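Asks: I am attaching a structure below and will ask some questions about it afterwards.
The values are calculated or read from the model by the stated rules, or taken from the named source; none is laboratory data. Computed from a predicted structure; not experimentally measured. Using ideal geometry, Cβ is built from the backbone for each residue, glycine included, and neighbour counts are taken over all protein chains shown. These accessible areas exclude ligands, DNA and RNA; they are computed on the full protein's heavy atoms, side chains included. Shrake-Rupley method; radii C 1.70, N 1.55, O 1.52, S 1.80 Å.
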Amino acid sequence: MCAWLLSVLLTLISCSAAAAEAVRLTNGEWPPYLGEQLPYKGVASRIVSEAFALQGIDVAWDFYPWARSLQMAERGKRIGSAIWLRSKERERKFFISDAVVESSYYLFYRKGYNFNWKQIDDLQSARIVGTRGYNYGEAFQQAEASGKLRVNRVTSDETAFRQLLAGRVDLFPVDKVVGFDILHKNFSPAERSQLSFHSKPLRTDSLHLLLSRKVPGNAELMVRFNRGLQELRESGKITQYLLEIQQPLSHTP
């Protein structure tokens, strides 16, 4: 009986320890990087989960609208959130990881539209469509706010592409991987063949895991996450996963 009780006790202790090695993070919809219905919850979620797994930590994801996702993590209702740009304000509220993925925005246009650009002022004559809530970089945002750029903000990237194809606008800035994914899923090969993008990126940024400074132990947890992330990167799997989500060239503009 004593041996049996000892065995049960050890099992309970083991289960308790295992349960402690789990984290719950918030997330949002941004295919193919993030998405509740995507395989692995999206490639960025996969990278975060596997980096934690290399440290013996399981991840559970809660998907919310982006503002709520960040707010819940900031208040410590969840330990953190993925994936976000680094900023001074966020540095005050969160521990910020090493880069999980890199994101580059390019200007998409209809083939036949003759334009070139080196600086934001070169875009003043263009009719531009943007997606509400998206930040296209400090120079772009300031030029839009001052009226130097004519930007029509719409509710979704798909809507923006449809306006571009219809000739209602000239340019649409979007993350290239996200843009290809939207075009592949929602537009015909004939439609995709009408579009191209300028080789100069509008902005390139690293995106990060945020862990709330209000949650005890998050500083140490971030050290462990970065360690797992580095191990995953050195294994070549991050490069592999990012290549897997990019549509074949025959499906891109």
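Asks: Rounded to whole Å, give me the distance from the Cα center of the stretch 36-53 to that of the stretch 66-128.
Replies: 19 Å
Asks: While we're looking at this one, here's another question. Want the number for Arg213 to Arg92: 0.36 nm per residue separation, take away the alpha-carbon distance, what's left?
Replies: Working: separation 121, 0.36 × 121 = 43.56 nm, distance 0.82 nm.
Separation in residues times 0.36 nm, less the Cα-Cα distance, equals 42.7 nm.
Asks: Accessible area per residue for the stretch 117-168 in Å², computed with a 1.4 Å probe and the full protein assembly in place, what is it?
Replies: Numbers: 2820 Å² over 52 residues.
Value for the stretch 117-168: 54 Å² per residue.
Asks: Order of 79-87, 201-209 by packing, highest average Cβ count within 10 Å first?
Replies: My ranking of the peptides, most packed first, is 79-87, 201-209.
Asks: Run the quick spin-label model on Lys185 and His198: label points 7 Å from Cα toward the beta carbon, then report their separation in nm to one decimal.
Replies: About 2.7 nm separates the two model spin labels.
Asks: Of the DSSP beta bridges with both residues in the chain, give the percent that are antiparallel, rounding to the nearest 5.
Replies: Here the antiparallel bridges make up roughly 60 percent for the chain.
Asks: Please state the shape class of the stretch 130-253: rounded when a/c is under 1.5, otherwise prolate if a/b exceeds b/c and oblate if not, all from the C-alpha gyration tensor. Intermediate results must be reported in sequence, preceding the final value.
Replies: Working: a/c = 2.75, a/b = 1.48, b/c = 1.86.
Verdict is oblate for the stretch 130-253.
Asks: Out of residues 5 or more away from Gly35 or on other chains, whose amide H comes under 5 Å of its own, with H placed 1.01 Å from N in the peptide plane?
Replies: Excluding prolines and chain starts, which carry no amide H, the hits are Trp30, Gly42.
Asks: Relative contact order for the stretch 121-253: what is it in percent, counting Cα pairs under 8 Å that are at least 6 residues apart?
Replies: The normalised contact order for the stretch 121-253 reaches 25 percent.
Asks: Spelling out what I want: for every residue of the stretch 50-59, take phi, set θ = phi - 60°, compute 6.51 cos²θ - 1.76 cosθ + 1.60 (Karplus), and round to whole Hz; glycine and proline get x.
Replies: Values per residue, Gly and Pro as x: 6, 5, 5, 4, 5, 9, x, 10, 8, 10 Hz.
Asks: Starting with the highest mean, order 137-144, 236-243 by the number of other Cβ atoms within 10 Å, averaged over the residues of each peptide. Kindly include the intermediate steps, with their values, before the conclusion.
Replies: On the way: 137-144: 16.1, 236-243: 13.1.
Ranked from most to least packed, the peptides come out as 137-144, 236-243.
Asks: Hey, if we sort Trp117, Trp61 by accessible area with the 1.4 Å probe, largest down, what's the order? It would help to have the intermediate numbers written out before the result.
Replies: Details: Trp117 15, Trp61 40 Å².
Ranked list, largest accessible area first: Trp61, Trp117.
Asks: Could you work out how far helix 2-20 tilts from the main Cα principal axis of the chain, as a 0 to 90 degree angle to the nearest 10?
Replies: Once rounded, the angle reads 20 degrees.
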